[in-house]
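Here's the structure, in structure tokens; my notes come after.
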Amino acid sequence: MNEARGDITSVLPDIRAADLTRWGPVDQNGQDGPYTPGTVRYALEYHRTRGHYPDGRPMPSPRLATDGLTIDWDRLDLPLVNRIEEPASCLSPSSGGTYHRCSQVPEGAGKVAEARARYGTVLELTVDGRPYFTVKR
């Protein structure tokens, strides 16, 4: 998890500018298509229109995803509420099934609710099968 100070709409352009990957399809000029899920432009449109297409229909909830990398975030004030939650501790028993998600964090590490209270928005970065990333600053 990571946190973003304030509104996610100020962070999304920075995610695109970091150029980790291509977020969704782009046109021949390298621009995100309008209302194309998976793009930064779509996520910004979703937040600007409070989760509705121009005709009033609800838009699917945005998230940025590519092969092996997903970024999701809190959307607390929009119609389709999504809230990043604290994963269960790996020390507590599993609620069933062969596989489950759990958290192993160092003693004294902050909790999701604390990050949300301090920064406003919590980001969840999921990386599958990639050992590391180099981010331009």
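Length gained on full extension, Leu125 to Tyr53: 23.3 nm, using 0.36 nm per residue less the C-alpha separation. Each semi-axis of the equivalent ellipsoid for region 1-66 is √(5λ) with λ an eigenvalue of the Cα gyration tensor; in descending order they amount to 19, 17, 9 Å.
Just so you know, all these numbers are worked out from the coordinates, no wet-lab data involved. Because the structure is predicted, anything quoted here is derived from the model rather than measured.
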